[in-house]
Structure formats: C-alpha cells, structure tokens
Amino acid sequence: MWFILKSYIIYFFTAKRNFSSFSPFVQDFYNNIIAKDVDTTIEQKVKKLRTFYRNENRNLVLEDYGAGSKSKKRKNTINTKELVNKVAVQKKYGKILSNLNAHYKVNQVLELGTSLGIGSTFLSNAKVTSIEGNSALAEYTSNSLHKFKIDSVNIITAKFDDVLEDLLNKNNFELIYIDGNHTKEATIKYFETIINQDFKPKILIFDDIYWSFGMNNAWKYIKSNKNIAISIDLFKFGIVFLNYKEVIKEDIVIWA
C-alpha cells in the first residue's frame, strides 16, 4: 500500500498535462485516446452490465491463480457486486481500451484475465478472445455477456500459461491487454512469450503497473526492450507500442 501511495504522489507531480512540445504521435495519442470520450453504444452496454452484476449480487467459487488480492484473509467465494464495484475497469480507463481499438483500427484483441467482462465489453468494438482461469467466473461471465448480446467476446477457460503460446501461434492479435497475474515473473514471462512470436501485436497494455515493487520493475524491464517504440505510463495502465519505425523512441508519463 505504501509503495502505491508513494508512486502515485510521484506520478501526480511528474505526469505531463501539456503536450504541445511532444511528438505528433504522443499528441495524437492524447487527443484521440485520453481526451476523447467512449463510444456511446459501448458505454450503454457497460452501464447495463454493471447494473446487472450489482443487482445479481451473486457469490461464485474462487479460484485465484495469480496475485489477485492484497488481502491476508482469503475467501472461498467472490461476489459479483463487490467485484464490479471494486475491481472492474472504471470508465476513465475503459474508454482508453475502446479508443485504442477504434483509433488504431484493431481487429483482433487478446485479453488475459476476463473477470466480469467489463474490460472485454469496452474492447468489444473488435473481436476479443479472453482467457479466464476461474471456471465458475468464466461460465457466469460468458452467459452474462451473451444475455446482453455482447457477442464479439469469446471466453476461454484456462490458465494463461497453458494456452497463451498456442493462441498467439494461431491468431494475429493486434492488441493484447494483460490484466491477470500481477507478479513480476509472470508479467515478464507473458511479455517475452508475446514478443518472441513471428507476428507481433501493435499495442500491449499492462494493468496495475504500480501494484507492487515487483510489478513496477516488470514495467521498467518491458519499456526498455528494443522492440518498444513508445511507452506511455498512465499510472494504472502501462501501454507500449511495438516496432513503429517511423517514430522516435519515447517514454512518457501522462496524466489520465
């Protein structure tokens, strides 16, 4: 907790709010990803889904394969109302997911960590393959998305390590959103598995890059990789753009 608080204070005072002196790429990113609002159709779907989960208030069996909670008290169930209120992607970050798809013309997305599918829904202006390790949660979320006709999301029930490489070999994912196992070792492993494929995505999004000292070190390792053209730190999200040869390498911290 102290690491997150200290990191946020540093982020608050160092994050850029004026982009007139930055590259056209970064200015374009700010105008079309950060400053632009989310598509109203997607926003309405997300609102209905959030309301549904709060009203359902259902308990599901917990299977946690990653660093999913900082609480010392481990529970055997997860509650949909609690999950959607405390863990699900907020609108300010959800619109970033949606706008990235729209602006960079993404067709195929891979998401590591479905949860209740709020992030998946924000990404659903493209075809989404989402992996969820918790079988009860995966089945429940899949049925819920189908109920609200969010049909561009396909949920696979599996551990990330078991299916990631095979999925990467069989699909051309242009954007990958990693929101699952919040450990340094796992995050770096997923990153290296992704960039070692013949087809590399245009955009990688890492959730909770200040979750812990280890996660922050993983973020530093990732953005220093030679394949990364641009890295953008939004505190919650770390976003990297791969192999953009026409741009100068930049590491930017932006106020979101």
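Just so it is clear, none of the values below were taken in a lab; they were calculated from the coordinates. Keep in mind the model is a prediction, meaning the values are calculated, not measured. For neighbour counting, all protein chains shown are included, and Cβ atoms are generated from backbone atoms with ideal geometry for every residue, glycine included.
Put in line by how crowded their Cβ is, counting other Cβ atoms within 10 Å and starting with the fewest, His182, His103 read His103, His182. Just list whichever of Lys48/Lys202; Lys91/Lys149; Lys105/Lys200 have alpha carbons separated by over 25 Å in the model shown. Pairs exceeding 25 Å: Lys48/Lys202. Between Phe213 and Glu56, the simple label model (points 7 Å from Cα in the Cβ direction) yields a spacing of 3.9 nm. Of the trypsin sites (Lys or Arg not before Pro) found in the stretch 173-256, the ones in coil according to DSSP and having at most 15 other Cβ atoms within 10 Å of their Cβ are Lys226, Lys245, Lys249.
Looking at the stretch 1-149, the DSSP beta bridges with both ends there are about 40 percent antiparallel.
Among 151-158, 237-244, the peptide with the highest mean count of other Cβ atoms within 10 Å heads the list, and the full ranking is 237-244, 151-158. With helices as the sole contributors, the chain gives -12500 deg cm²/dmol at 222 nm; each DSSP H run of n ≥ 4 counts as -39500 (n - 2.57), and the sum is divided by every residue. When the Cα positions of Val163, Asn99, Ile188 are compared along the charge dipole of the chain, Asn99 comes out farthest toward the positive end, with charges on each C-beta of Lys, Arg, Asp and Glu. Listed from fewest to most Cβ neighbours within 10 Å, the set Glu192, Glu132 follows the order Glu192, Glu132.
The ranking of Val247, Val109, Val84 by Cβ neighbour count inside 10 Å, starting from the fewest, reads Val247, Val84, Val109.
If both residues of a DSSP beta bridge must be in the stretch 2-253, then about 35% of such bridges are antiparallel. With an 8 Å cut-off on Cα pairs and a minimum separation of 6 or more residues, tell me the relative contact order of the chain in percent. RCO, the chain: 18 percent.
Note on Lys127: aspartates and glutamates with a C-alpha under 18 Å away, same-chain residues under 8 apart excluded, are Asp39, Glu43, Glu111, Asp151, Asp166, Glu174, Asp179.
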